[in-house]
Structure formats: C-alpha cells, structure tokens
Amino acid sequence: LKDNHNQLVAILASLTPEQLATARLDKGYDDVTVGPGKDGQFPATKAGVKVGSLSAKQKALVMEAIRTWANIADEASAKTLMAAYKKEIDDTYIAYHGDINLINVKDYIRIDGPGVWIEFACQPGVIWPKEIHYHTVYRDHMRDYGGNF
C-alpha cells in the first residue's frame, strides 16, 4: 500500500492552503467508514474540495490515484471504470483529516465521486502499536456488486 499512500500524499501536497482548508474534515476516523458490513452506507453529503475546482495537474494526480485502486479489477473492467471516473472527475471530492503526510493514527483521506469511493486510514499496529499500518477500501456508489446492495 506504500504506492497508494504516496499517491494520496502527492495529491494533498499539491493543494494550496485554501484548498487544504476546504478539504479538511472536522473529525478523524478510526477506520474506513464504508467497509465490511456497511455496503452502500456512503455519507449523504459530499465533503471536501471539489476536484473540478483543481488545476489540470492536480486532477491528473487524483486520476492516477484512482487508477491504482481501479486496476485491482481485470484490465477491461478497469478501463471501463476509469472512463466513467474521468467523466465524473469534476464532481468528485477530496477530503482528509490529520497530517497531509498520512503518518499518524487517525490520519485519513477519501476520494468521493459520483461513482468512485476510496478511503485510506492510518491505524496503530496490532503487534507493534507505535507503528502505523493502513486500512483502505475501494467501492463504487453505483457499481458495487452490480449496483445491488
């Protein structure tokens, strides 16, 4: 997950102070919020900075991060998903909490679009509690399980 982490940090590092302020969530999360047993339970309201307000370079960073998760699927499916996410990119949001380097417990970031949903949360290790480990989830508002929750 280090590559995923680095891509998300690159997105946050590219944001201006004003964009970071808009993207910042008021609270942190102990874990991903739409993980196992929470199918389709996406927040009702989008939060963060709208990707449509970002520069072309910043949008490209977001698309590249999304691609990393989408490429988990087979090549044909990933290509179809990325085409959809590209069309939806301007209505996608980036939100985070904590350090923009995603290095502390409860540091969190999400990419929330009309389709794509990616969460990345920093947690304490189980065996070595002083070491951070990552939890992440990649979902799709419309296409998870064929759209059937």
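The values are calculated or read from the model by the stated rules, or taken from the named source; none is laboratory data. Keep in mind the model is a prediction, meaning the values are calculated, not measured. We place every Cβ from the backbone using ideal geometry, glycine too, and count neighbours over all the protein chains shown.
Tell me whether the stretch 127-135 contains one or more residues that are on the phi < 0 side of the Ramachandran plot, buried (at least 16 other Cβ atoms within 10 Å of the Cβ), modelled with pLDDT of 95 or more and of a type in the set (Val, Ile, Thr).
no
Test of understanding: among Thr68, Thr80, Thr92, which residue is closer than 17 Å to Met142 by Cβ and under 12 Å from the mean Cα position of the chain (by Cα)?
Answer to the check: Thr92.
Being more than 21 Å from Ala21 (Cα to Cα), in a loop (DSSP other than H, G, I, E, B) and in contact with a helix residue (DSSP H, G or I) (Cβ under 6 Å, 6 or more places away or on another chain), is that true of even one residue in the stretch 109-128?
Within the stretch 109-128, one or more residues are more than 21 Å from Ala21 (Cα to Cα), in a loop (DSSP other than H, G, I, E, B) and in contact with a helix residue (DSSP H, G or I) (Cβ under 6 Å, 6 or more places away or on another chain).
Is it the case that the stretch 38-60 has a residue that's of a type outside the set (Phe, Trp, Tyr) and within 19 Å of Tyr134 (Cα to Cα)?
yes
In the stretch 96-126, which residue that is of a type in the set (D, E, K, R) and surrounded by fewer than 19 Cβ atoms within 10 Å (Cβ to Cβ) is modelled with the highest pLDDT?
Ranking the qualifying residues of the stretch 96-126, first place goes to Asp99.
Looking for whichever is modelled with pLDDT of 95 or more, touching a helix residue (DSSP H, G or I) at 6+ places or on another chain (Cβ under 6 Å) and not charged (D, E, K, R) here; the options are Ala21, Ala65. Which one fits?
Just one listed residue meets the conditions, Ala65.
Just need a number here: residues in the stretch 78-87 that are out of contact with any helix residue (DSSP H, G or I) (no Cβ under 8 Å at 6 or more places or on another chain) and either touching a residue at least 40 places away in the same chain (Cβ under 8 Å) or not β-branched (Val, Ile, Thr) (or both).
Result for the stretch 78-87: 4.
Does the stretch 92-111 contain any residue that is under 23 Å from Lys27 (Cβ atoms) and in contact with a Ser or Thr (Cβ under 7 Å, 6 or more places away or on another chain)?
Yes, the conditions are met somewhere in the stretch 92-111.
From the list Tyr134, Tyr96, which residue is in contact with a His (Cβ under 7 Å, 6 or more places away or on another chain) and in contact (Cβ under 8 Å) with a residue 60 or more places away in the chain?
Among Tyr134, Tyr96, only Tyr134 is in contact with a His (Cβ under 7 Å, 6 or more places away or on another chain) and in contact (Cβ under 8 Å) with a residue 60 or more places away in the chain.
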